[in-house]
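Below you'll find the structure, written out as structure tokens, and then a few comments.
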Amino acid sequence: VRVDSAGNMDGYSGVIKDGWMSAKIRNTGAFTVVADTVAPILMDPFFAEDVYTGNLKLVLPFQSDLSGITDYKCFIDGKWICGEFNAARNTIEIFFPGTVIEGYSFELELKVEDRVGNIFTDKRQIIYGNNTQIHINKQKK
């Protein structure tokens, strides 16, 4: 990682070969070796209205340790659904076509992987309340 003057870290991927670590870097500065061992963490999901279509979307904000999200899979009621990763906001967004009525309930299953292979998995029941409410029943594994 590159460490700036304020102590903030900017992650880079590296390769260890013959006892040496090498990495392609974009900037010069102070560097140190840090292992990213923490899987991405799902923060509080919420419903929002899509700016372009006006349709409902489920926003899943993630916090990733150093390496960022590289792969994800979303399932609703056991069926794969296309989610869109927003790298600028570090969110996965699932769009619902048409109107969603209050009380709509579904099982959401997620698998999210970061660039170094740390995997987050989650399964929960979600009930739509309105554009600002979300009721989540976390299922035990």
- Note on the structure: Within the chain, pairs of Lys residues whose Cα atoms are less than 24 angstrom apart, provided they are eight or more positions apart or on distinct chains, add up to 22
- Carbon-plus-sulfur fraction of the accessible area of the chain, 1.4 Å probe, in percent? 52 percent
- Between Lys73 and Thr37, what length comes free when the chain is fully extended (0.36 nm per residue of separation minus the Cα-Cα distance, one decimal in nm)? 10.9 nm
- Item | Relative contact order, percent, region 3-141 [alpha-carbon distance under 8 Å, six or more residues apart] | 21 percent
- In this structure, the FRET efficiency calculated for Ala6 and Asp50 from their beta-carbon separation, with R0 = 41 Å, to the nearest 0.05, is 0.70
- Hey, what do the phi angles of region 118-124 turn into as Karplus ³J(HN,Hα) couplings, whole Hz, using 6.51/-1.76/1.60 and θ = phi - 60°, x for Gly and Pro? 6, 10, 10, 10, 7, 9, 8
- Rounded to the angstrom and largest first, Cα extents along the principal axes for the chain equal 57, 34, 23
- Taking the chain as a Gaussian network, Cα atoms linked when under 10 Å apart, which of Gly117, Gly103, Gly29 shows the biggest mean-square fluctuation? Gly29
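The values are calculated or read from the model by the stated rules, or taken from the named source; none is laboratory data. On a predicted model such as this, the values are computed, not experimentally measured, just so you know. Glycine also receives a Cβ, built like all others from the backbone with ideal geometry; neighbour counts cover every protein chain displayed. For accessibility, only protein heavy atoms count, side chains too; no ligands or nucleic acids. Shrake-Rupley method; radii C 1.70, N 1.55, O 1.52, S 1.80 Å.
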